[in-house]
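One structure is given below, encoded as structure tokens.
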Amino acid sequence: MNLFDQAYGKTGKTYQPLAFRMRPRSLDEIEGQKHLLGKGGALRRAIEKDQLTSMVLFGPPGTGKTSLARLIARHTNSHFDELAAVTSGVSDIRKIASDAQSRYKFYQQKSILFVDEIHRFNKSQQDVLLPFVEDGTLILIGATTENPLYELNNALLSRLKLYILKALDETEIAAIVERALNDAERGLGGQDIELDGESLDLIARQAKGDARMALNILETTVNSFKQEGPLHITVDLIAQVTGRPIIKYDKTGDFHYDTISAFIKSIRGSDPDAAVFWLAAMIEGGEDPKFIARRLMVHAAEDIGLADPQALNIAASAAAAVQLVGLPEARIPLCEATIYLATAPKSNSVVTAIDQAAAAVRQSKKLQVPAHLADASHSQAGALLGKGRGYKYPHSYGGYVRQQYLPDEHRDLQVYHPGDQGYEKTIREFLSRLPNK
């Protein structure tokens, strides 16, 4: 140890971020995750008995994934290695695995490898991990904020136990903030800081389930306004630090897909309030408005269709407005289209019709256009090829005449079944009035 190390040993921890210093030192200090770490919880029992199997910890930021992995390192008799996926490669994995094999051979000691942000490992890196996990050389603990069902390959995922960590509620966030305020060893307990209940509630709300964000807000507020004497943290001080609340929204991640799913399902369920809420969540989170507009157009055709033919026009107009004016003004036509679609009558008969027709086309033994429907534009097409012969021009019969329009093998096929909502009632009545239809 040199003089710099000695100096850091005395004062270095003061400069570590509060969120780092306040990492839980025991399972009982972890707030939330009672479904996993409560008394008798499956994961807690495995940790306490040191009977771990390979796993992936999946949850939003600030829920304790890395802290939990480091607590496992304290509890286990196994050797513990840690890799950051963003800075590690195949050679690092192979080196750790080689050491693990030697360690077990000579000392019968198991090895645990913790990989933070494991979703950043590419396919080749995951493939290198696979045999070492499969044969027990490594007990793998992966942490990820991205859905492992999409980010990890199936072979590796099938050998991992999936544990889902949940965003913390406001009560749990408040408990973490209060612990940091009262802890004189690691936190702010010796600094004469007062935080009233209203300010504590605001921090808990602003953190949106992320313990790290809550502690960062607290620390930034203290660092910004602490002077000689006591500091009373007010709502106004916190607002100056946080400004506009940060919306956690990853435009390429799991929350992106979950939010657009909730948006479309709210429109489909005719709930304009929920639909506009999820629209606002996407806009505030920085979602591409053109993506939202495209989804509105698809929804208008897929879930409303001919129950309200105007729906697609409204959605297309909103998409055009997005292109012309951009945000923030484009949020208004997007909202207008969202409310219109949410309150429109619903029918999926259009998508059902095209799906059934496509299935019939794929199953056809041959696709042959009936001769009377074939192109007869050439002067000799009818005489020599029989094309167009026998075709009945509907306008010559008052607008409708019964004749066969489908191939012989599908002559009785019916794929469009108009519903009883909106304009489709009119379509159904029209079709029912056609003679012999």
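Things worth noting here:
- Counting Lys and Arg as +1 and Asp and Glu as -1 over every other residue whose Cβ lies under 13 Å from the Cβ of P370, the net charge comes to +2.
- Formal net charge of residues neighbouring A330 (Cβ-Cβ distance under 13 Å; K, R +1; D, E -1): -2
- The C-alpha atoms of the chain define a longest principal axis, and helix 310-325 lies at about 50 degrees to it.
- Computing P(r) over Cα pairs in 10 Å bins from 0, in percent for the structure here picks out one of (1) 4, 20, 28, 24, 15, 6, 1, 0, 0; (2) 4, 14, 17, 19, 17, 12, 8, 6, 3, 1, 0; (3) 4, 22, 32, 26, 12, 2, 0, namely (2).
- If you wrap the tightest convex hull around every Cα atom of segment 323-437 and split its volume per residue, you get 201 Å³.
- Measuring r between the beta carbons of L413 and L385 and using R0 = 25 Å, the FRET efficiency lands at 0.45.
- Chain lengthening between S224 and Q191 when straightened (0.36 nm per residue, less Cα-Cα): 10.5 nm
- Ranked by how many other beta carbons lie within 10 Å on average, peptides 221-233, 316-328 from highest: 316-328, 221-233
- For the pair D28 and T343 in one chain, pulling the backbone fully straight at 0.36 nm per residue adds 108.5 nm over the alpha carbon distance.
- Against the main long axis of the alpha-carbon atoms of the chain, helix 349-363 sits at an angle near 80°.
- DSSP-loop GluC sites (Glu not before Pro) across segment 275-349, with at most 16 other Cβ within 10 angstrom: E329
- Qualifying trypsin sites (Lys or Arg not before Pro) for segment 48-141 [loop in DSSP, other Cβ within 10 Å: at most 13]: K49
- The stretch between E82 and K95, if pulled fully straight at 0.36 nm per residue, gains 3.4 nm over its current Cα-Cα span.
- GNM on the chain, alpha-carbon springs under 10 angstrom: the most fluctuating residue among F20, F114, F106 is F106.
- Every helix of 4 or more DSSP H residues in the chain counts as -39500 (n - 2.57), and over all residues that averages to -15000 deg cm²/dmol at 222 nm.
- The packing ranking of peptides 27-33, 79-85, highest mean first, is 27-33, 79-85, where packing means the average number of other beta carbon atoms within 10 angstrom of each residue.
- Summing charges over neighbours of K110, with a neighbour being any other residue whose Cβ is under 10 Å away from its Cβ, gives 0 when K and R count +1 and D and E count -1.
- Neighbour-limited loop hits for GluC sites (Glu not before Pro), segment 124-211 (at most 14 other Cβ within 10 Å; DSSP other than H, G, I, E, B): E185
- Computed from Cα atoms, the angle from the helix 90-107 axis to the main principal axis of the chain rounds to 50 degrees.
Computed from the coordinates by the stated procedures, all read-outs in this text should not be read as laboratory data. Remember, predicted model here, so these are calculated numbers, not experimental data. Cβ atoms come from the backbone with ideal geometry, glycine included; neighbour counts cover every protein chain shown.
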